[in-house]
Amino acid sequence: MKKKESIALYGGTPVRNSYLPYGKQWIDEEDIHAVTNILKSDFLTTGPTISQFEKSIASFVGAKHAVAFSNGTAALHAACNAAGISENDEVITSPMTFAASSNCALYMGGRPIFADINPQTYNITSETIKPLINGKTKAIITVDFTGQPVEYEEIMAMAEEHELVVIADAAHALGATYKGENIGSIADMTMFSFHPVKHITTGEGGIITTDSDKYYERLIEFRNHGITRDPMKINKKDPWYYEMQALGFNYRMTDIQASLGLSQIRKLQKFIDLRRDYAQKYNEAFEGMAEIITPFQKEDCNSSWHLYIIRLHLSKLRVNRDEIFRALQKENIGVNVHYIPVYLHPYYQLLGYKEGLCPQAEKVYQEIITLPLFPKMSDQDLNDVITAVKKVISYYAVE
Ligand SMILES: *Cc1c(COP(=O)(O)O)cnc(C)c1O
């Protein structure tokens, strides 16, 4: 038996002295300048910067409209409202996602229906969605998990056939492409999030892109209490008059957020390129390691690499994922797990969802670890992750 380097979990020296998080924002002087300028201006909210930011995102993804929200979850809620999801409607989505992807259906009184994932791509597919469609199905909420697009062509065709609305949760996929088309220009409505770990940040923030004028109007009203001032929609012509015609929320983005977003967009392509470059370096470093499965990438897609996830060949390791996770944390590598299948959360269990519902998602969940990946990482950070993964995996490898 070859002598093994002692891992930090058992008293060895950690690969790093300082903790490396799995994701983090990149804020520079330009961003700070943009925000302080807005603080000195007339509008902190409902000002002109919002529509500048919206136009900029719409043009980046190639969509007709974009509507900004206080966060991505609010944006998903608004999209579900615009899609007309109501009491007892079924909404098909992925279990391999953040809870917001299906919570938004619950907000409308709808019922999330979880389609299983493909064990290679970790995305839901037309094959796993199809058997779940019935007379109650109203919409499909796709998730471009890690930044890798779902099979939009098949899913959009199926949705059209059954008259379903497709809402893309593309919180991971800003800058990704599918068969040469930008994510954000394919589904009926697409959501992006600007949380600090996402591709660009506004602190908190989210947006819906759409080509539909009808959805656009509903989104605009929903984020502002359901109030309209559109003279086409109200009879009274007094200049002060407005009407609340439906129940909405205050889900507005501030100009402070939008100004940061506008400044961040200038760096977006650089951020995406860096993520792709780092993912490629991880792929090369882990190539040939029998204990690890690196992320599968579809040839006709270009992922935006929000997350880099390795999957463990547990039969080639002496311990389970949780032990490997703890060992990497002790090396000061901020690994993470994305995600606990949504319906396994206690709240969903109370709603009656049962373990075993999506066997592929549950199996994949037991075997995945998210490695740090963000544009601000240095080459040294990247090398530390690679060193730690190799050290921990070889320590636990079956002889
Ligand atoms: C981040 C995220 C959201 C929610 O976005 P917030 O802006 O944090 O509300 C929704 N879905 C997925 C898959 C996400 O990663």
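The values are calculated or read from the model by the stated rules, or taken from the named source; none is laboratory data. Predicted model, so just to flag it, every value in this text is computed and none were measured. Cβ atoms come from the backbone with ideal geometry, glycine included; neighbour counts cover every protein chain shown. Each accessible area value is taken on the protein alone, full model and side chains, heavy atoms only, with ligands, DNA and RNA left out. Shrake-Rupley method; radii C 1.70, N 1.55, O 1.52, S 1.80 Å.
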Taking the conditions exactly as written (more than 12 Å from the ligand (Cβ to nearest atom), surrounded by 22 or more Cβ atoms within 10 Å (Cβ to Cβ) and of a type in the set (Val, Ile, Thr)), does residue 207 satisfy them or not? no
Six or more apart or on different chains, Cβ under 7 Å: which pairs go from a residue in the range 7-29 that's farther than 24 Å from residue 305 by Cα to one that's open to solvent by 40 Å² or more (accessible area, probe 1.4 Å) and part of a loop (DSSP other than H, G, I, E, B)? Could you list them? 8/14; 12/5; 12/6
Are any of the residues in the range 211-228 within 16 Å of the ligand (Cβ to nearest atom) and either in contact with a Ser or Thr (Cβ under 7 Å, 6 or more places away or on another chain) or closer than 30 Å to residue 309 by Cα (or both)? no
Testing residue 234 on (1) surrounded by 17 or more Cβ atoms within 10 Å (Cβ to Cβ); (2) in a loop (DSSP other than H, G, I, E, B), one condition comes back false. Which one is that? (1)
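A quick yes/no check of all residues on (1) open to solvent by 10 Å² or more (accessible area, probe 1.4 Å); (2) β-branched (Val, Ile, Thr):
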| site | (1), (2) |
| --- | --- |
| 293 | yes, yes |
| 302 | yes, no |
| 312 | no, no |
| 315 | yes, no |
| 322 | yes, no |
| 330 | yes, no |
| 347 | yes, no |
| 354 | yes, no |
Name the pairs whose Cβ atoms lie under 7 Å apart, with the first residue in the range 81-109 and closer than 18 Å to residue 123 by Cβ, the second open to solvent by 40 Å² or more (accessible area, probe 1.4 Å) and within 16 Å of the ligand (Cβ to nearest atom), and 6 or more positions between them or separate chains? 99/345; 100/73
Here is a check on your reading of the model: is residue 334 open to solvent by 40 Å² or more (accessible area, probe 1.4 Å) and not hydrophobic (A, V, I, L, M, F, W, C)? no
Report those helices (runs of 4 or more DSSP H) wholly inside the range 289-399 carrying at least 3 residues which are in contact (Cβ under 8 Å) with a residue 40 or more places away in the chain and more than 26 Å from residue 125 (Cα to Cα). 321-330, 379-396
Among (1) buried (at least 23 other Cβ atoms within 10 Å of the Cβ); (2) within 16 Å of the ligand (Cβ to nearest atom); (3) touching a residue at least 40 places away in the same chain (Cβ under 8 Å); (4) of a type in the set (Val, Ile, Thr), which single condition is residue 197 missing? (1)
Return the residues of the range 145-173 that are within 12 Å of the ligand (Cβ to nearest atom) and in contact (Cβ under 8 Å) with a residue 40 or more places away in the chain; say none if nothing qualifies. 145, 146, 147, 167, 169, 171, 172, 173
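Residues are listed down the side, and each one gets a yes or a no for (1) hydrophobic (A, V, I, L, M, F, W, C); (2) out of contact with any Pro (no Cβ under 6 Å at 6 or more places or on another chain):
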position: 62; (1), (2): no, yes
position: 82; (1), (2): yes, yes
position: 86; (1), (2): no, yes
position: 90; (1), (2): no, yes
position: 97; (1), (2): no, yes
position: 102; (1), (2): no, no
position: 109; (1), (2): no, yes
Out of curiosity, is residue 98 open to solvent by 10 Å² or more (accessible area, probe 1.4 Å), within 16 Å of the ligand (Cβ to nearest atom) and among the hydrophobic types (A, V, I, L, M, F, W, C)? yes
Does residue 246 meet the test of being in contact (Cβ under 8 Å) with a residue 12 or more places away in the chain and either open to solvent by less than 30 Å² (accessible area, probe 1.4 Å) or within 11 Å of the ligand (Cβ to nearest atom) (or both)? no
With the condition kept exactly as written, say whether any residue in the range 112-125 is away from the ligand (no atom under 16 Å from the Cβ) and without any contact (Cβ under 8 Å) to a residue 60 or more places away in the chain. yes
